[in-house]
1. Under the rule of -39500 (n - 2.57) per DSSP H run of 4 or more residues, summed and divided by the residues of the protein assembly as shown, what mean residue ellipticity at 222 nm is obtained, to the nearest 500 deg cm²/dmol?
2. Please work out how much length the chain gains when fully extended from D:Glu60 to D:Glu35, using 0.36 nm per residue of separation minus the C-alpha to C-alpha distance, in nm with one decimal.
3. Among the listed pairs B:Lys64/B:Lys160; B:Lys70/B:Lys160; C:Lys184/D:Lys110; A:Lys111/A:Lys161; B:Lys6/B:Lys160, which have their C-alpha atoms separated by more than 21 angstrom in this model?
4. In angstroms, what radius of gyration and Dmax does the stretch C:211-327 have, counting Cα atoms only?
5. Distance from the Cα centre of the stretch D:28-102 to that of the stretch B:136-205, in angstrom?
6. Under 5 Å between amide hydrogens, which residues at least 5 positions from A:Leu268 or on another chain qualify, with H placed 1.01 Å from N in the peptide plane?
7. I need to check one value: relative contact order of the stretch A:1-79, counting alpha carbon pairs closer than 8 Å and at least 6 residues apart, in percent.
8. Determine the dipole magnitude for the stretch A:168-327: charges of +1 sit on the beta-carbon of Lys and Arg, -1 on that of Asp and Glu, nothing else is charged, the reference point is the Cα centre, and the result goes in debye to the nearest 20.
Protein chains: 4
Amino acid sequence: MFGKWKLGACLPTFASCADRYCLSGYGRGGKTMEEMLAMAKKVEGLDGLELVGNWHINDENIAKVTRLFKDFGFAIPMIVPDLWTQEKWGRGSLAAADPATRKAAVAEVKKCMDWAAEAGCPTVDVWPGQDGFEYTFQADYTDAWKWLRDGVAECAAHSKKVKVLLEYKLREPRGHCFLNSAAKTILLLQGIGNTGCLLDVGHSLAAGENMAEAAALLADHKLLDYIHLNDNSRSWDDDMIFASVHASEHLELVYWLLRTGYAGWLTLDIFPYREEKIPAASESFAWVRAMITRIEKRGLPAVGEIVRRGEGTDSVRLVRELLMGGS
Amino acid sequence: MFGKWKLGACLPTFASCADRYCLSGYGRGGKTMEEMLAMAKKVEGLDGLELVGNWHINDENIAKVTRLFKDFGFAIPMIVPDLWTQEKWGRGSLAAADPATRKAAVAEVKKCMDWAAEAGCPTVDVWPGQDGFEYTFQADYTDAWKWLRDGVAECAAHSKKVKVLLEYKLREPRGHCFLNSAAKTILLLQGIGNTGCLLDVGHSLAAGENMAEAAALLADHKLLDYIHLNDNSRSWDDDMIFASVHASEHLELVYWLLRTGYAGWLTLDIFPYREEKIPAASESFAWVRAMITRIEKRGLPAVGEIVRRGEGTDSVRLVRELLMGGS
Amino acid sequence: MFGKWKLGACLPTFASCADRYCLSGYGRGGKTMEEMLAMAKKVEGLDGLELVGNWHINDENIAKVTRLFKDFGFAIPMIVPDLWTQEKWGRGSLAAADPATRKAAVAEVKKCMDWAAEAGCPTVDVWPGQDGFEYTFQADYTDAWKWLRDGVAECAAHSKKVKVLLEYKLREPRGHCFLNSAAKTILLLQGIGNTGCLLDVGHSLAAGENMAEAAALLADHKLLDYIHLNDNSRSWDDDMIFASVHASEHLELVYWLLRTGYAGWLTLDIFPYREEKIPAASESFAWVRAMITRIEKRGLPAVGEIVRRGEGTDSVRLVRELLMGGS
Amino acid sequence: MFGKWKLGACLPTFASCADRYCLSGYGRGGKTMEEMLAMAKKVEGLDGLELVGNWHINDENIAKVTRLFKDFGFAIPMIVPDLWTQEKWGRGSLAAADPATRKAAVAEVKKCMDWAAEAGCPTVDVWPGQDGFEYTFQADYTDAWKWLRDGVAECAAHSKKVKVLLEYKLREPRGHCFLNSAAKTILLLQGIGNTGCLLDVGHSLAAGENMAEAAALLADHKLLDYIHLNDNSRSWDDDMIFASVHASEHLELVYWLLRTGYAGWLTLDIFPYREEKIPAASESFAWVRAMITRIEKRGLPAVGEIVRRGEGTDSVRLVRELLMGGS
């Protein structure tokens, strides 16, 4: 916890972190869930961990996993249906051209919703990362968008106990993903109840958005339900330590989260390939805490006055004062 | 004309083309409108020219200008309110923090709508290029979005004779523009009648969109009203000759325009800084004609079959066959 | 063969093609080398295949592998030392801060040079992809550059029979790689004999270079020894089918290869994740052949005359005529 | 002055700041040099101002200008030959295909060197921003590079009193510039005496370089002679307030300037389009001072120890501690 915020992390933060060249990962592989939870316990203030469906939680282990989380004092804020780690989703999941694949994807999400309900987890994260295309003339955009929407609607109707959040991303694993911006996510979800948006701030950055603007737009549409924190080089979803590259933008994001009254989880989605996992997670939260503290000390009204004024130099001075202190 | 399509150009295509260093422009400056129309007349198949309000058409010259266009046999498909060439719009127009500026911007658009009605021009192009920000903490995204929407709504209600089209762009002249994607444009226009979207395909490219996907999304929302053609390096709105950089993407765009039944203008918005203007415009249309011809020859159903299949290699082969012929 | 050019492919073109999410790959895994060579044999005109040291060729199998290649009628144009698939290289290879790692990296390259000499392969491809950094304040640029240079020099001195080629790349697997441009490669190699450059044209694109300009610069320094062909979205090394995205740039590249008298291999380095491997490779060569044929038909002098003229519209018209024919 | 550093600014910082849409500029135009110097005098610690040849200093006014600078207590650290504001340079200056243009460009540089010698200014800044291309097949890279080099060599030989610095940039005003990276600048200058490099850190950023790495490479080659400070969005040379976007990278840059013993000018090249000029310049220097102070307080050896260690989390923690204090 930090103030009203709950602090979370994706479980793979503590795994081996592979890339397409080093498939066995840069960290130690083969850790058990107990080992990863024990590592996570060393991250000060951590309240819960996201799980990927089938890989981390499934029919066989759900009782054991929920007990394990209880023993460690961790919540499960999110279960993520696996629509992206297997060859069968390579040409799409909810928006695949193949109807059987679409059906299987919907079933996968529903299964995760059931596990979530059973495990006391309020949300699932539908990330249609395999729904997209690489080449021109390779996708029927109109059909794909309709299929994606229909699939989400069917999932959302499955259970009132678990809310279906959509996570957008510009690209990767597909060369281009269909659901690639905050605005498109809002469009997709219009008229479908029991849904919301998971804003991965690195996805927003890499999509060419301003993160704070994306958060504000989602909040204005009552769709800002969950946040993933990380940073990147803008050209790729590097899943780096929070605020390590774009401190000014992240500071502004924190201001808008405070201002819009966001009260959900702040969950790390970092990939510390070559770093020790516990310090990498802790360092991310150190930035989060420092930024929240500085903005709260200055006060939302004082910051808001400068934001409304719109004078560039004053805005830059504010950033310098918030980050570096002094005047 | 080319088939059912009307071919247009922005009048500045034939002007001097300045940039921030060479403010007098790389081409000959000071041309009269007669001179520019005479140049435009040499572009084969050109049906009309866009005008910028105040600069090209105003209370003093409207009778003369409409007569001139009639004499030359040109239509005026679009009048563009000048919300971006004067210092007074530097901190915003329809979404400026200053209420008086917002009011002036609405008045400017209405004035252009009146001129359009008088000149028999069916649409105005509202491009809020000065509505945005450079720095973090410099914009109240929620307020700005509301102001932009309110302003557009007020303009759209002004006259039924002239439709208000919105043109989005990621950036420039502002470091970041609020109206920066097809999806945000759709969101903005929801519930406001008498409006539509002007898709500048280079703006779409530079915003990280796939142009054909943007066109399909707009068409699905019945908002694809007008097209600006050009090309660029993706990192900036270079306003280059059509298809000179991204031939595959432009070819796919043309397919989607044909498939969605787009029947409006194909208007060049190129800035041939260092090129002779007439050949630069003609070369753009040569690409347009060649691409339409090739796709129509292959046939929409045959292309559509490959699009639906979603096999990357087949899609690339299609592009090669459409562009280079043979198999 | 195609004219004077030998056509090659990296062996992994025919493997399962994994990414960081789908670690088992999108294609069928576990193929034997015989199976992959049999697949490669179906790619018309293919003359040889690159091998990765240790994975594909090693002390145990070198006799068998060379015989196998002979039986299939394939050359081995390149052996690539594995400096990037194992956790031990995660913090660098030739330029690692750890001296023992640097020493091991040099030994790895030398071992590959020995295998190359034994297998009749004239070159090794040193790709220092793990030599770089993710974060600010994480690298001593001066030390790293010196270590990289010293390591290359030691390798180059190991054997006169095998030439050491350096392959540059902007990023991936590291967030930033030290050896990231043609010009830096030229600087690095100055004064070291028995070395050259492997130009991966997709790396050049993704590094923000113009591929043809990079090829010309390397050729002017007598360092253009080998070419990897592919294409990408400019923001990442997507290893897509040749010319599928940037047909104009690839056409210009082909012109400069012809003009500078490049007479080496044209080797595919594509990752057809979701595509059938044989058609993806064949389609790439279909573009190569079509482009060479068109340029040779037009004639180098005729193209060169337009290049020297420097008039943009003429250059675009040339591209259209070369690609689409007619005038 | 700040410590051993002299603080400078380009004179246009205080001018009207136009872009291609708002050609009269967003600030007040038509200021006299006296007015601009009086404005500059209000920027605390400012030691000198760069001038553009012909525009600001010429045969007619040189006596008056040098006296004016003396009266205001300002040095002239740099004169910039105007090779980019007039239509005549539109197709190139030192590397133009037209020999007469190349000759005129060399003469322009020499003239500025003479004025510099007379005014006690030690360096001229040759920025070949018009030397490049927009389209494929529009440039003979080999010829252009040779012409550029020959022109620089001829200028450098003109006078021993004034050093010729080259400023690289990826693009703008040309779509692609030939001299576009630190490494290419080093290559170009090899074997030509009396030359060096002006590192505009925003040009480095926008070229995809790491600024600190570029500075280190130039310093290792004894070519880091002068620095332009600003910041941008990476996709364009926005000439924003120093460190306003990339605080971490700028902090690292400052460390490398300190570490390599850079002792030259720190000159602002910002374009405060919509900002008051004096506060925008002052705010830039406030960041510079704060960053130098923090690094010197921590100490170069302590920072260097972390840099050499190469552990990402430690590097990020260092940035946080340097920027935000505490631990």
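1. Numbers: 44 runs with 556 residues, N = 1308.
Here the helix-only value at 222 nm equals -13500 deg cm²/dmol.
2. On the way: separation 25, 0.36 × 25 = 9.00 nm, distance 1.92 nm.
Result for the pair: 7.1 nm of gain on full extension.
3. Details: B:Lys64/B:Lys160 25 Å; B:Lys70/B:Lys160 24 Å; C:Lys184/D:Lys110 30 Å; A:Lys111/A:Lys161 13 Å; B:Lys6/B:Lys160 23 Å.
From B:Lys64/B:Lys160; B:Lys70/B:Lys160; C:Lys184/D:Lys110; A:Lys111/A:Lys161; B:Lys6/B:Lys160, over 21 Å: B:Lys64/B:Lys160; B:Lys70/B:Lys160; C:Lys184/D:Lys110; B:Lys6/B:Lys160.
4. 14.5, 43
5. What the calculation gives is 40 Å, centre to centre.
6. Amide H to amide H, under 5 Å and 5 or more residues apart or across chains, A:Leu268 pairs with A:Gly8, A:Ala9, A:Cys10, A:Leu229.
7. On the way: 85 pairs, mean separation 26.7, N = 79.
This gives 34 percent for the stretch A:1-79.
8. Details: 17 positive and 21 negative charges, 52 e Å.
Value, rounded to 20: 260 debye.
The values are calculated or read from the model by the stated rules, or taken from the named source; none is laboratory data. For clarity, every value in this text was computed on a predicted model and none was experimentally measured. Note: ideal-geometry Cβ built from the backbone for every residue, glycine included; neighbour counts use all protein chains shown. Keep in mind that these areas ignore ligands, DNA and RNA; they rest on the heavy atoms of the full protein, side chains included. Shrake-Rupley method; radii C 1.70, N 1.55, O 1.52, S 1.80 Å.
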